[in-house]
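The values are calculated or read from the model by the stated rules, or taken from the named source; none is laboratory data. Keep in mind that what you see is a predicted model, and the values were worked out from it rather than measured. Ideal geometry is used to build each Cβ from the backbone, glycine not excepted, and the neighbour counts take in all protein chains shown. Each accessible area value is taken on the protein alone, full model and side chains, heavy atoms only, with ligands, DNA and RNA left out. Shrake-Rupley method; radii C 1.70, N 1.55, O 1.52, S 1.80 Å.
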Amino acid sequence: MGFFKRLFGICGTRQPADPGSWSFADGKVAIELDRMPELAKPGGAVRLEGAGMTKRVLVFRGDDGQFHAMENRCSHGHRRLDPVAGQGTVRCCSIGQSVFDFEGNRVSGAAKDGISPLKVETEGQTLVVGLD
């Protein structure tokens, strides 16, 4: 990621191409996996925002093949996060480039604290992420 993108906190992870592929209700995000090809392969990721949610959410399929979700907010500068392919980590898109493991623990960078992982469950072709 280039210097100016980091300076302005522009992340590489996009919102889903199909806005109807996910919904939010009762403190949970429901993702229809068959409508969200961004999560089909390890390394794929989407950022989910709006729809009345109280948190920004990063959902990704890790290199371990498992789905992961976390609050999409660095504990240092509150910028968004991007998964780092092949490293089992996510990184802040700011100049500080704080790095966290999939459990939200700080690995390196300017952040002093970890970030909040979110509970993920698969129910058939639906991925459910709890925001509580």
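Structure data summary
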| item | result |
| --- | --- |
| The stretch 108-132: number of residues that are open to solvent by 80 Å² or more (accessible area, probe 1.4 Å) and in a strand (DSSP E or B) | 3 |
| Among (1) in contact (Cβ under 8 Å) with a residue 40 or more places away in the chain; (2) out of contact with any Leu (no Cβ under 7 Å at 6 or more places or on another chain), the one test that residue 31 misses | (2) |
| Restricting the stretch 62-105 to residues that are crowded, with 18+ Cβ neighbours inside 10 Å and charged (D, E, K, R), the residue that is farthest from residue 27 (Cα to Cα) | 91 |
| Within the stretch 17-40, tally of residues that are in a strand (DSSP E or B) and touching a Ser or Thr at 6+ places or on another chain (Cβ under 8 Å) | 4 |
| Residue that is modelled with the highest pLDDT [pool: residues in the stretch 1-16 that are part of a helix (DSSP H, G or I) and not charged (D, E, K, R)] | 3 |
